[in-house]
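Structure first, commentary second.
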2 protein chains.
Amino acid sequence: MLPPIHLSTRSHQTADQPISYFMQQAVENPRLISLAAGLVDAESLPAADVQAALADILSSPAHARAALQYGTTHGLAPLREQLLLRTVGLDGLTPAALSLSADDVVITTGSQQLLYLMGELLLDPGDIGIAEAPSYFVYQGTLTSLGARVLSVPMDEEGMDIDALASLLARLERTGEVKRLRMLYICDYFQNPTGRTLSVRRRRQLLDLVKNYSRTQRILILEDAAYRELRYDGPDLPSLKSLDADNSTVILGMTFSKPLAPGLKTGYAILPRDLMTPLLRLKGCHDFGSNNLTQHLIQRLLADGSYDRHVAELCQVYRAKRDAMLEALSEEFDASEVKWTHPDGGMYVWLAFAGGVNTGPDSTLMRAALHEGVLYVPGQFCHVNGANGPVPTHEARLCFGVASVPEIREAIQRLGRAYRSSQAGSRKLPVLTS
Amino acid sequence: MLPPIHLSTRSHQTADQPISYFMQQAVENPRLISLAAGLVDAESLPAADVQAALADILSSPAHARAALQYGTTHGLAPLREQLLLRTVGLDGLTPAALSLSADDVVITTGSQQLLYLMGELLLDPGDIGIAEAPSYFVYQGTLTSLGARVLSVPMDEEGMDIDALASLLARLERTGEVKRLRMLYICDYFQNPTGRTLSVRRRRQLLDLVKNYSRTQRILILEDAAYRELRYDGPDLPSLKSLDADNSTVILGMTFSKPLAPGLKTGYAILPRDLMTPLLRLKGCHDFGSNNLTQHLIQRLLADGSYDRHVAELCQVYRAKRDAMLEALSEEFDASEVKWTHPDGGMYVWLAFAGGVNTGPDSTLMRAALHEGVLYVPGQFCHVNGANGPVPTHEARLCFGVASVPEIREAIQRLGRAYRSSQAGSRKLPVLTS
């Protein structure tokens, strides 16, 4: 018998991601149509563009050497310069108008690394982070692994409810806990999991409110804009970052995983200047710089216009998928049974079933759905346990990113059958305690 | 005036890497020949191999889609399988002989990510890690940032002094601190910074000693074998992992940065089975999987033999560079003035100057070296401050990886001139207090 390994407190606080179970289901049952996994459309992955750009880079001896050698912890300077111009350009602004230079941009190993580094940089055990309810479950797990307390604020069609946030902040001030509040995590474009977008009015209110509570120490906003460029309807909205003219409060996180290719595992962030040195020190310990070849590749795709072309094509592909899902939902379900969001972009639709329907992993509905061959993410995984009252158990996240249009239609029909059979069954069964 | 940002304890414990200063020097002074930076030979970077392999992958639609989509946190399964066979093959063994399967292999974002994750997984603040003296300074900084205590054990030509380790362990047992000892970090092939290799005899002694102290809880050995495949003389030695037949004690860390290309930022590890689940949970929070395209690339380079061919060529290149450095040192310096190591592989030669010569960043020698146009890493950066007595200040690390053979000769001549001028100067100056 081997003596046990003593693991750190951090390790004990780090739980399995609930999504692992669903990934496994999809692998084990090839007949299953998964609307659970947040992967991207496979057909549109930019193989030809990537191949051409890499051939260009690798056939130039000097460029090849630069791309295959170590880069810097901060990231490739010309790429950071391009990303800054492009990103502030989305808001119709210049770097100077936002007190920004390329030094305020860092390249990360996907946006997940940014989220992790920010948690590590800002939160000691017992410190407080605020998230939307529901929110991105992977990051909730990350914050919990750091020993942080995650408080949440409800959402409606306009995104986070700012009045509810104001009440929460007032309460934290009364109890003195506001001094432990370090950051708010906001996914403000076509949010994961709801597909909702924070309205312009609320963006301004949010920033004003947070700056107002930053009198003795700064409370930061981590703006996860991963889905921003995947907009299928309506005009773009200003980023929170674009409203932060003195670059004091907003950390903007972006990724190439959704608009380009997840296999490149590359993201970037724009952040307050006094956070950059601590961030680079910590990233130096993690990896002293992300994959350098991929940075050169992305720089090339941005410079030659392939990236913009690709995003435009991708929006066509996902628009059709979203439309197929919304149409199938309205054919399959009655508005009295279930309500769903109508996202202008991104990859997610959020379902809320009417009273008493449970969507949990052991629910009648989930068993029926697996029997029919369709998988969703139970909404309860997207809510934080504990400090925020009971977790709703009647919701579900559907992703229209991976499945084809015919598969989406078929999957929603299967979900409809599963729902009806579970309702028929539940009338015969005693009410579940969960 | 902006209110300050409150940073975490971890952030405050994370210092700038001392190497940053030297990287900056090299950037600012193009005339300088840097023997400081641990980059790799630029001419031999495998641009053509990488281009061909990527073209193969990206021109097959199914393969391209797999490589550009999300991978798994664990890493590409066929790659893990290949790496396991190859790595145990270096020791003339089979996976079964070492109780290993591909599930015991994980792909990491360079080996630095493995080192970080292991620190995070095993060490709470105040826990103890043991390293060689001198050791890899980046990892010392990482362990310090985790709040760990780093104790060190002196080395000689055979690597870590096992008698000194035995004394240290006995002392930790007497004081009761042995229960806080979590791991030993050992770079056992052509060590960074000394170029020394742990002898076979000592490998066995080390493992026996550590297993002997693992009675109530397991003490782990993190074997950093980054340089193993870069051997220019003599027979290969068995890895510590190959002596750990029950896969209980040794975490073997390997990287493609040195034998292939640092720009790919990909490494891998083989580790005890009961560490894998906690490791994957934590890596899930960091990035839920390393760059997937690069994993497919490396899999292809291994499968088609390009990797083996490349390593063989690289050994020729580095052998010539090492020989040039050793020859230039013996032409330029007298054995009474300075002693240096004669590495059988890797990228580093370690210098120890005779009594009274200070190599530190503000020393007369460093100023003279910068004036002559050559840069080295002061040895003091490779020693842990504090618990291990005064830090030696008369040593230097030289890297023969980056500079060409003529540059290496020129750099050593410059170092010789710097040494002689600093000695002449120091006879005129009062003795430095450092």
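Read the figures in this text as sums done on the coordinates, not as results from a lab. The structure presented is a predicted model; accordingly, all values stated were derived computationally and were not measured. Cβ coordinates were reconstructed from backbone atoms using ideal geometry, including for glycine residues, and neighbour counts include every protein chain displayed.
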Exercise. Averaged across the residues of A:70-81, what count of C-beta atoms belonging to other chains lies within 10 Å of each residue's C-beta?
Worked result: 2
Exercise. About its Cα centre, how strong a charge dipole does chain A have in debye, to the nearest 20, once Lys and Arg get +1 and Asp and Glu get -1 at the Cβ?
Worked result: 780 debye
Problem set entry | For segment B:182-259: relative contact order, % (alpha-carbon pairs under 8 angstrom, 6 or more apart) | 36 percent
For this session: Note down the relative contact order for segment A:47-305 as a percent, whole number, built from C-alpha pairs under 8 angstrom at least six residues apart.
Result: 28 percent
Seminar exercise, completed: Computed from the beta carbon distance with a Förster radius of 41 Å, FRET efficiency for B:A245 and B:A354 to the nearest 0.05 stands at 0.35
Seminar exercise, completed: Only helices counted: for chain A, with every DSSP H run of 4 or more residues adding -39500 (n - 2.57) and the sum spread over all residues, [θ] at 222 nm is -13500 deg cm²/dmol
Exercise. Once Rh is set to the Kirkwood radius over Cα pairs, what Stokes-Einstein translational diffusion coefficient, in µm²/s, holds for segment B:119-158 at a temperature of 37 °C and a viscosity of 0.692 mPa s?
Worked result: 314 µm²/s
For this session: Just tell me how shielded B:276-284 is by partners: mean number of partner chain Cβ atoms within 10 Å of each residue's Cβ, no decimals.
Result: 5
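So for B:V357, A:V106, fewest C-beta neighbours within 10 Å to most, what's the order?
Numbers: B:V357 21, A:V106 24.
Neighbour counts put them in this order, fewest first: B:V357, A:V106.
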Seminar exercise, completed: Any lysines whose Cα falls less than 18 Å from that of A:K179, other than same-chain ones fewer than 8 residues away, would be A:K211
Exercise. Looking at B:G345, A:S44, A:G119, which one has the Cα that reaches farthest to the positive end of the dipole of the protein assembly as shown (charges on Cβ: Lys, Arg +1; Asp, Glu -1)?
Worked result: A:G119
Problem set entry | Range of Cα positions in chain B per principal axis (Å), largest first | 70, 62, 57
Exercise. Net charge near A:R202, counting Lys/Arg +1 and Asp/Glu -1 over other residues with Cβ under 12 Å of its Cβ?
Worked result: -4
Problem set entry | Sites A:A424 and A:Q316, calculated FRET efficiency, Cβ-Cβ separation with R0 51 Å, nearest 0.05 | 0.80
Exercise. For segment A:45-164, what is the per residue volume of the convex hull drawn over the alpha-carbon atoms, in cubic angstrom?
Worked result: 190 Å³
Seminar exercise, completed: Simple SL model, points at 7 angstrom along Cα→Cβ for B:V200 and B:R171; separation in nm is 3.2 nm
Seminar exercise, completed: For segment A:84-238, shape from the Cα gyration tensor axes a ≥ b ≥ c, cut at a/c of 1.5 then a/b versus b/c, turns out rounded
Problem set entry | Positive minus negative residues near A:L121 (Lys, Arg vs Asp, Glu; Cβ under 10 Å) | +3
Exercise. If exposed GluC sites (Glu not before Pro) are those in a DSSP loop with at most 13 other Cβ within 10 Å, what is the longest stretch of chain B that has none?
Worked result: B:158-434
Exercise. Near the amide H of A:G345, under 5 Å away, which other amide H atoms are found, from residues 5 or more places off or on another chain, if H is placed in the peptide plane?
Worked result: A:Y232
For this session: Please say if the protein assembly as shown is rounded, prolate or oblate, where rounded means a/c under 1.5 for a ≥ b ≥ c the square roots of the C-alpha gyration tensor eigenvalues, and otherwise the choice is prolate for a/b larger than b/c and oblate otherwise?
Result: prolate
Problem set entry | Ranked B:K283, A:K211, criterion: other C-beta atoms within 10 Å, fewest first | A:K211, B:K283
Problem set entry | Whole-number percent relative contact order across chain B, with pairs defined as alpha carbons under 8 Å at least 6 apart | 23 percent
Seminar exercise, completed: Taking a straight Cα-to-Cα line shorter than 28 Å from A:K265, and setting aside same-chain lysines fewer than 8 residues away, one finds A:K241, A:K283, A:K321, B:K258, B:K265, B:K283
Seminar exercise, completed: Counted neighbours (other Cβ, 10 Å), sorted fewest up, put A:R420, A:R322, B:R417 in the order A:R420, B:R417, A:R322
For this session: Grab the other residues whose beta carbon is less than 10 angstrom from that of A:A328, score K and R as +1, D and E as -1, and report the net.
Result: -4
